[in-house]
């Protein structure tokens with residue numbers, strides 16, 4: 001008899017969601033307008049300390065609209081973190097622009113200031129500055145925004161903060177998602193809070209947010225008949241799913257605390273094993289630890305990160321490699337890439353990185369099962385090495 005499968009980051013309902021969803025059904029507000037939607041936008045903006053927010057059907061849609069607000073058009077270039085999920089860069093290509101990928105630094109795993117400075121200088125000398133820089137906050141940790149903003153402001157380039165993985169994190173006392181001109185959150189099923197599927201665009205530029213809301217509702221003009229002067233999209237979140245978000249937002253701080261607790265449990269139990277190095281937390285802020293991530297040195301450990309992925313899968317435990325860098329994806333073959341230093345960072349993190357189950361619904365027994373499984377796999381290999389196998 002197989003044990004129950006442990007997932008990487010399963011959705012975790014709080015119990016508060018049903019009442020908000022029932023209100024939407026009881027009042028028949030089930031489409032892309034309604035009181036739950038308005039309240040959810042306001043609540044997220046207030047939580048983050050942003051002037052306003054627009055609820056959308058995905059974080060990807062939020063990036064797309066942010067790029068349009070930054071006037072990204074066909075033929076432009078946009079800089080983007082390389083170590084991230086493909087959704088960070090897909091909207092760049094969809095707008096006809098070309099992504100230029102920026103490596104990570106080894107301390108934060110986020111955008112390298114050294115690589116960004118080199119890329120901006122080269123672009124300036126060539127007379128082709130990017131319209132925007134998409135900076136990703138990886139695995140719940142903010143990038144180092146003070147030097148990033150200083151560089152981008154020097155060259156007059158907009159910063160879009162991809163905070164899909166970092167709602168609830170802080171950078172020097174400011175909420176993740178509010179550091180750039182535009183910030184985006186994701187409420188996908190695997191995120192720290194979820195609306196089943198959805199996203200949010202936040203900013204202090206209220207006129208820009210109104211423009212984004214206009215585009216997200218098919219760019220329909222305010223008149224009785226259907227009048228359209230611009231191309232728009234069907235990007236709005238439904239009032240029903242916003243109700244789910246209202247319930248989830250009530251427990252966001254608890255979810256962050258639990259994520260951090262899970263990370264610390266793994267670190268305490270596994271951090272002294274040879275070759276195991278957990279993702280550092282930078283002194284400038286607080287990470288949500290959306291996923292517990294670590295690197296595994298195969299020379300010190302005798303196993304690769306992928307060996308652990310396969311061995312855990314046999315035990316019905318889901319784990320994943322760290323994101324494959326976008327500059328190494330076939331989709332972006334030929335796109336320019338700026339690495340951190342001589343050897344770079346993101347390729348090494350991809351080849352050695354491992355994401356462990358981090359869902360806030362995990363029980364203590366689930367945690368113990370993952371930890372003991374990791375130790376067993378590790379010890380078995382160490383024993384084989386000692387015996388010469």
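The values are calculated or read from the model by the stated rules, or taken from the named source; none is laboratory data. Computed from a predicted structure; not experimentally measured. Positions of Cβ are backbone-derived with ideal geometry, glycine not excepted, and every protein chain shown enters the neighbour counts.
Filtered by the rule that a residue be under 18 Å from residue 342 (Cβ atoms), part of a loop (DSSP other than H, G, I, E, B) and in contact with a strand residue (DSSP E or B) (Cβ under 9 Å, 6 or more places away or on another chain), region 74-116 gives 82, 83, 103, 105, 112.
Listed here are the residues, each with its yes/no results for (1) part of a helix (DSSP H, G or I); (2) more than 30 Å from residue 147 (Cα to Cα); (3) at pLDDT 95 or above.
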residue: 282; (1), (2), (3): no, no, yes
residue: 289; (1), (2), (3): no, no, yes
residue: 313; (1), (2), (3): yes, yes, yes
residue: 351; (1), (2), (3): yes, no, yes
residue: 379; (1), (2), (3): yes, yes, no
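Filter region 16-34 down to residues that are part of a loop (DSSP other than H, G, I, E, B) and in contact (Cβ under 8 Å) with a residue 24 or more places away in the chain and give me whichever is farthest from residue 56 (Cα to Cα). My answer is 16. On the stretch given as region 268-280, residues that are in contact (Cβ under 8 Å) with a residue 24 or more places away in the chain and part of a loop (DSSP other than H, G, I, E, B) total 5.
Checked across region 328-340, the condition of being surrounded by 13 or more Cβ atoms within 10 Å (Cβ to Cβ), part of a helix (DSSP H, G or I) and assigned by the TED database to the domain that holds residue 278 holds for at least one residue.
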